[in-house]
Amino acid sequence: MKKWLITGASSGFGRLLAERVATNGDHVIAVARREDRLRELAADHDSVTPLVVDLTVPDVEQRLGTAIDAAVAADEPPLQSQWGRMQFRVFALR
């Protein structure tokens, strides 16, 4: 089982990739700014964890890192214990 971090996961290539990866049984942290679409994706795939972040603003890397750190610290779901280190990172931003 592989672990993926995919940005732009609410639509287009990012969504398609997240769906394919989840269907294959891998775990996905799906990152996008459109919460409703991320929730739909997570509802359709148990192995998807939605993470709402607007990556179109300045300091993108810092914002993403902060959001991931917060999700891991909140342990809802227990990302660190279930996932450990990400094996793939895909940045599918427009």
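Derivation of every value follows stated rules applied to the coordinates shown; laboratory data play no part. If you're wondering where the values come from, they're calculated on a predicted model, not measured in any experiment. Note: ideal-geometry Cβ built from the backbone for every residue, glycine included; neighbour counts use all protein chains shown.
Extension gain for Ser11-Arg39 works out to 8.8 nm (0.36 nm per residue, less the C-alpha to C-alpha distance). Take the Cβ atoms of Met1 and Asp54, set R0 to 35 Å, and the FRET efficiency comes out at 0.75.
Subtracting the Cα-Cα distance of Thr23 and Thr66 from 0.36 nm times their residue separation leaves 12.7 nm of extension gain.
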